[in-house]
Each structure stands twice: as C-alpha cells, then as structure tokens.
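Worksheet for the structure shown next.
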Amino acid sequence: MIERVGRGTVRAINAVGRFGHFVGDMVRAVPDVATWGRLTIVQMRRVGVDSLPVALFIAAFTGVVLALQASYTFTGTVPLYFVGTLVGKTMMLELGPVLAGLALAGRVGASMAAELGTMKVTEQVDALETLAYDPQSFLVLPRVIAGTAMFPVIVALAILTGIVTGWVASLVLLDLSTQEFIKGLKLFYRFKDTWFGLFKSATFGFTITLVGCVVGLRTRGGAEGVGRSTTQAVVYSAILLLVLDAFWALVLLR
Amino acid sequence: MIEFQDLHKAFGAKPVLAGLTLEVRDRETLVIIGYSGSGKSVALKHIVGLLHPDAGDVIVDGRAVSTLDGPALTALRREIGFVFQFAALFDSMTVADNVALGLRRRGLAEAEIAERVREALALVDLTGTDERYPAELSGGMRKRVGIARAIALRPRYVLYDEPTTGLDPVTSAVMDRLMVRTREHLGATGVVVTHDMRSAYTVGDRIAMLYEGRIRQVGTVAEIQASEDPVVRQFIEGRPA
Ligand SMILES: Nc1ncnc2c1ncn2[C@@H]1O[C@H](COP(=O)(O)OP(=O)(O)OP(=O)(O)O)[C@@H](O)[C@H]1O
Ligand SMILES: [Mg+2]
C-alpha cells in the first residue's frame with residue numbers, strides 16, 4: 001500500500017518534472033522567430049477555422065436559454081430587464097469562455113495531439129531534428145502562440161453572439177424591449193467583466209494547445225498510441241480548464 | 001570517422017545495446033546486419049543524438065555526441081544525412097518542400113534551393129514528382145524521396161535505416177544502385193542498417209553483425225561470407241534455428 005502510494009508519487013513528480021522540462025525547452029525556443037513566425041500564422045488560421053463555428057453555435061443557443069431561464073427564475077418578483085444583466089454577465093464571465101474552451105479542447109487540442117502523435121510515431125519528429133530543426137520552435141510554439149492569441153478573439157465573438165441571441169429571444173419570446181434589455185446589460189457592468197473573460201480565455205487557449213502538444217509528442221506505439229493520446233489530450237485539457245476556471249474566479253473575482 | 005565506444009542502452013529493464021564497440025572508417029560503407037529488434041535502429045539514432053546512451057558514447061570526428069547540445073549538436077547534424085526506415089516524410093508538405101526543408105534551415109537562396117532539390121530528385125530518379133504529396137507515392141518512391149532529402153544537404157555521412165526492407169527485389173536493386181551512386185556523387189561515408197543480405201553484399205565494404213547488444217563479428221564482405229561463426233552463418237544463410 002505505502003509502496004503503491006510511493007510509486008504513484010514518484011510517477012507524479014516525474015510527470016511534473018518532464019512537463020517543466022518541456023516548458024523550459026519551449027521558452028528557450030522563443031528567440032527562434034525565423035522558424036516559428038510564419039508557421040504561427042498558419043496555425044492561427046487553423047485554430048480559427050476549427051473552433052469558430054462550434055464556439056458560435058454553442059454561444060448562440062446558450063444566449064437564448066439564458067434569457068428564458070432568467071425570466072423563468074424571476075417569475076415577476078424581479079424586474080424583467082435583469083434578463084439583460086444575467087445574459088451579459090454570464091456570457092462574459094463564465095459561459096462564453098468555458099463552453100468555447102471545452103469545444104476548443106475537443107477540436108483543436110485533440111487534432112493537435114493526433115497530428116503531433118502521428119508525426120512522432122512515424123519518426124517525422126526525429127526527421128525534423130536530424131534536419132537541424134528544433135521541434136519546439138517548429139511544432140510547439142506556433143501552436144501554443146496561435147491558441148493563446150486566437151482564443152480570446154474567438155471567445156469575444158462567442159460572447160457577442162450569445163448576447164445578441166439572448167437579446168433577440170427577449171424581444172421575441174419575453175416581451176422585453178431593446179431599451180430595457182440594454183438597461184439590464186449596462187446595470188452592474190464593469191470593464192473587468194470584459195477583460196476577465198478574455199484573459200481567462202487566453203489562459204485556456206494556452207493550456208489546451210500546450211497539453212495537445214505535450215501529449216502528442218509523448219505518443220508511443222503506432223496508431224493505437226495516437227488514439228490514446230488524442231483522448232488523453234481532451235480529458236486532461238478539459239480537467240485543467242475547469243480547474244483553471246475555478247482558480248481565476250478565486251484569485252480575480254474576490 | 002564514427003566510433004561506437006562501449007555503448008549501452010536499455011529501455012526500462014530491457015537492455016538493447018550492451019557494449020557496442022565499432023568503427024566506421026572515412027569514405028567506407030559499413031553495413032550493420034542483425035535480427036529484427038536487435039537494436040540496429042537504436043544504434044543509428046545514437047549517432048545523431050536522437051537517443052541518449054546509458055553508458056559509453058558515439059564519437060564523430062572526435063566529438064562525443066552525448067555531450068553536445070545546442071549549436072554544437074546542430075552543427076553535427078548538418079554533416080549527417082539520415083534516411084529513415086519508413087522514410088518519415090512530412091505528410092503535410094509536397095515532395096519538393098520535404099527535400100527543401102533542410103536547405104531552408106541553412107538560409108540558402110531560394111534559387112539555389114530549387115536547383116539542389118531538382119538535382120537531388122534527379123539523382124533518385126524522381127524528376128517531376130515535386131508537387132506530389134507523400135500519401136500519393138508508393139513505398140519505394142517515398143524511400144527514394146527520403147534519400148533525396150538526406151543527400152540534398154550534401155552531408156559527409158549518410159545513415160540508411162533498412163533502405164530495402166519491404167521492397168520488391170527489383171526496387172531493392174534500384175535502392176542499392178542509388179546508395180552506390182550517392183556515395184560516388186558525394187564521396188560520403190555510409191552506414192547501412194539492413195537484414196537484406198543481397199543488399200549488404202552489394203553496397204558494403206565491410207559488414208558488422210549486431211547480436212545481443214554487441215558486435216558479433218566485423219569484416220570485409222568476403223570475410224563475412226566465409227565466416228565460421230555459427231551465429232553469423234545462420235543469419236547470412238537465413239536458416240531457422
Ligand atoms: N524509443 C523506444 N522506447 C522503448 N523501446 C524502444 C525504443 N526504441 C526501440 N525500442 C526497443 O528496442 C529494441 C530494438 O529496437 P530497434 O528498432 O533498434 O530494432 P532493429 O534492430 O532496428 O529492428 P528492425 O530490423 O525490426 O527495425 C526493440 O525491442 C524496441 O522495442
Ligand atoms: Mg530498425
């Protein structure tokens with residue numbers, strides 16, 4: 001029993017050590033802009049194309065549901081224009097970043113892990129090294145930078161979409177006027193609502209792409225290994241994302 | 001000159017190399033033969049620092065590979081062309097971009113790169129495949145692109161990992177001819193890992209047999225063909241135990 005705990009601890013420490021090492025190598029590759037610069041543009045386009053449709057789709061429906069749920073909860077005791085407040089705040093602070101983040105983990109994180117995993121097991125990563133390229137600057141940095149930079153943009157669009165569909169739902173389904181919706185939206189609004197959500201999104205983008213790369217480059221054992229890595233990337237990044245979400249709420253919202 | 005000096009490497013509890021000592025002389029082609037799983041690829045990867053030895057080292061022109069990092073390792077890798085067992089072409093790039101990638105890293109002018117790509121593809125008889133993707137090529141063609149990618153850099157050493165495995169006899173003979181041609185063209189030192197004896201006799205100056213993690217016998221082609229070691233005899237004659 002003690003032995004098992006001990007071995008588990010050692011394994012965990014090793015994993016953290018390897019991860020730290022990985023991040024260290026990544027940071028060391030930053031000056032190599034000549035290699036990662038152009039590739040980052042390619043990855044940014046890919047992150048955008050891969051995740052924008054899903055993120056917007058989810059946000060659109062969430063906006064409608066939030067509006068309906070708010071009015072259902074208020075049942076006349078709270079003024080109806082609070083629907084605007086609730087839709088705005090919830091989209092900006094929580095649901096925009098988190099739902100888009102989970103979608104991104106499923107699409108972008110998984111596809112990066114699968115791609116790098118395939119490159120790893122088919123020795124393409126070794127081949128890169130023998131051609132004197134650093135996989136960190138050729139493969140990892142472009143993806144991580146693209147994820148970190150693009151994700152706030154995607155989330156901003158998702159938030160906007162959610163608020164718009166929430167507003168339309170209020171007009172059509174709740175008999176709320178545009179003025180009232182906007183009044184609710186402005187009520188309690190703080191600039192922090194915006195930057196908090198977007199900052200959080202950047203950290204999600206960073207985490208998801210980094211996990212995708214780490215897990216992908218660690219892949220072993222052929223096609224089966226690639227499948228395993230893909231699933232792992234989704235699971236790990238989704239867990240980390242939720243933990244990170246709670247962490248930021250604790251640190252920044254209190 | 002490449003020298004394996006008492007190289008040890010284990011994966012987990014399983015020793016793969018256990019005291020590999022071997023010398024590759026300048027301008028020769030040395031063939032390493034051995035059973036599947038005997039550690040031939042592992043040995044080759046130590047030469048370019050893709051794997052790190054548990055003990056011992058590989059010395060390339062006086063440089064101990066495991067002690068190199070950063071620019072020194074990059075410099076070493078620039079002198080060595082590596083032809084991978086399954087070609088390891090970049091799926092997302094065309095044939096021409098695959099061959100050009102190593103050249104771009106060196107900051108050559110695009111005109112010079114285009115010229116070198118053309119030359120390398122011509123040398124492996126693949127002129128005109130520039131714009132195709134690896135998935136559209138046969139296994140033999142992919143291996144030839146792998147060779148082109150390695151030799152476009154004009155390396156002093158070329159390492160081939162099972163260049164003929166999985167190819168039909170005629171395509172294998174084509175690969176053998178290519179390796180000989182490459183050597184004449186570049187004047188490079190070659191290390192060829194294979195378990196194809198016909199290929200070994202054709203391209204090798206000397207042959208070394210890797211067995212149980214170390215060199216069982218090394219000698220000229222004639223010496224190996226005349227070997228009286230039962231392990232070597234069994235392998236080169238392809239007799240089941
Ligand atoms: N990165 C690695 N991690 C764990 N084990 C490895 C690794 N690379 C090789 N091995 C193991 O080392 C042993 C030798 O592998 P290697 O690929 O060198 O054999 P080989 O002689 O090239 O065989 P083949 O002719 O089939 O290519 C195998 O048992 C393999 O499973
Ligand atoms: Mg091998």
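The values are calculated or read from the model by the stated rules, or taken from the named source; none is laboratory data. Model, not experiment: these values are computed from the prediction. Please note: Cβ atoms are built from the backbone with ideal geometry, for glycine as well, and neighbour counts cover all protein chains shown.
General observations
- Residue in segment A:197-208 that is touching a Phe, Trp or Tyr at 6+ places or on another chain (Cβ under 6 Å) and within 22 Å of A:Gly76 (Cβ to Cβ) present: no
- Residue in segment B:200-220 that is within 16 Å of ligand 1 (Cβ to nearest atom) and in a helix (DSSP H, G or I) present: yes
- Only helices (runs of 4 or more DSSP H) whose full extent lies in segment A:81-148 are considered here, and none of them has at least 2 residues that are within 12 Å of the chain's Cα centre (by Cα), of a type in the set (D, E, K, R) and modelled with pLDDT of 95 or more.
- Among the residues making up segment B:140-171, a single one is assigned to a loop (DSSP other than H, G, I, E, B), away from ligand 1 (no atom under 16 Å from the Cβ) and small (Gly, Ala, Ser): B:Ala152.
- Matching residues, segment A:37-74, being among the aromatic types (Phe, Trp, Tyr) and modelled with pLDDT of 90 or more: A:Phe57, A:Phe61
- Taking each residue of segment B:1-29 that is within 12 Å of ligand 1 (Cβ to nearest atom) and looking for partners that are aromatic (Phe, Trp, Tyr) with beta-carbon atoms closer than 8 Å, six or more apart or interchain, yields B:Leu20/B:Phe4.
- Test: residue in segment B:62-82 that is of a type in the set (A, V, I, L, M) and either closer than 18 Å to B:Glu136 by Cα or modelled with pLDDT under 90 (or both): no
- Filter result for B:Gly204 (crowded, with 18+ Cβ neighbours inside 10 Å and within 23 Å of B:Lys9 (Cβ to Cβ)): no
- Selection count where residues are among the aliphatic types (A, V, I, L, M) and touching a helix residue (DSSP H, G or I) at 6+ places or on another chain (Cβ under 9 Å), scope segment B:41-69: 9
- The set of residues in segment B:172-195 being touching a Phe, Trp or Tyr at 6+ places or on another chain (Cβ under 8 Å) and part of a helix (DSSP H, G or I) consists of B:Met179 alone.
- Members of segment B:47-61 found to be closer than 15 Å to B:Ile80 by Cα, more than 12 Å from chain A (Cβ to nearest Cβ) and not acidic (Asp, Glu), listed by number: B:Val58, B:Ile59, B:Val60
- Set B:Asp91, B:Asp97: member being charged (D, E, K, R), within 18 Å of B:Arg154 (Cα to Cα) and either out of contact with any Cys (no Cβ under 7 Å at 6 or more places or on another chain) or in a loop (DSSP other than H, G, I, E, B) (or both): B:Asp97
One line per residue, one yes/no per condition, for (1) away from ligand 2 (no atom under 16 Å from the Cβ); (2) surrounded by fewer than 21 Cβ atoms within 10 Å (Cβ to Cβ); (3) of a type in the set (Gly, Ala, Ser):
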{"position": "B:Ala18", "(1), (2), (3)": "yes, yes, yes"}
{"position": "B:Thr29", "(1), (2), (3)": "yes, no, no"}
{"position": "B:Lys40", "(1), (2), (3)": "no, no, no"}
{"position": "B:Ala55", "(1), (2), (3)": "yes, yes, yes"}
{"position": "B:Val58", "(1), (2), (3)": "yes, no, no"}
{"position": "B:Gly62", "(1), (2), (3)": "yes, yes, yes"}
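- Here segment B:125-161 is the region considered, the condition is being crowded, with 23+ Cβ neighbours inside 10 Å and out of contact with any Gly (no Cβ under 9 Å at 6 or more places or on another chain), and the residue that is farthest from the other protein chains (Cβ to nearest Cβ) is B:Arg144.
- Within segment B:34-62, residues that are in a loop (DSSP other than H, G, I, E, B) sit with their Cβ atoms under 9 Å from residues that are within 16 Å of ligand 2 (Cβ to nearest atom) and among the basic types (Lys, Arg), at 6+ positions apart or across chains, in these pairs: B:Gly34/B:Lys40; B:Gly39/B:Lys9; B:Leu51/B:Lys9; B:Leu51/B:Lys45; B:His52/B:Lys9; B:Pro53/B:Lys9; B:Asp54/B:Lys9.
- The set of residues from segment B:70-124 being touching a residue at least 40 places away in the same chain (Cβ under 8 Å), in contact with a helix residue (DSSP H, G or I) (Cβ under 6 Å, 6 or more places away or on another chain) and more than 16 Å from ligand 1 (Cβ to nearest atom) comprises B:Gly81, B:Leu89, B:Phe90, B:Asp91, B:Val95, B:Asn98, B:Val99, B:Ala100, B:Leu103, B:Val124.
- Residues within segment B:7-33 that are in contact with a Lys or Arg (Cβ under 9 Å, 6 or more places away or on another chain) and on the phi > 0 side of the Ramachandran plot, tallied: 2
- Lone qualifier among B:Arg214, B:Arg233, B:Arg239, B:Arg156 - being away from ligand 2 (no atom under 16 Å from the Cβ) and in contact with an Asp or Glu (Cβ under 6 Å, 6 or more places away or on another chain): B:Arg156
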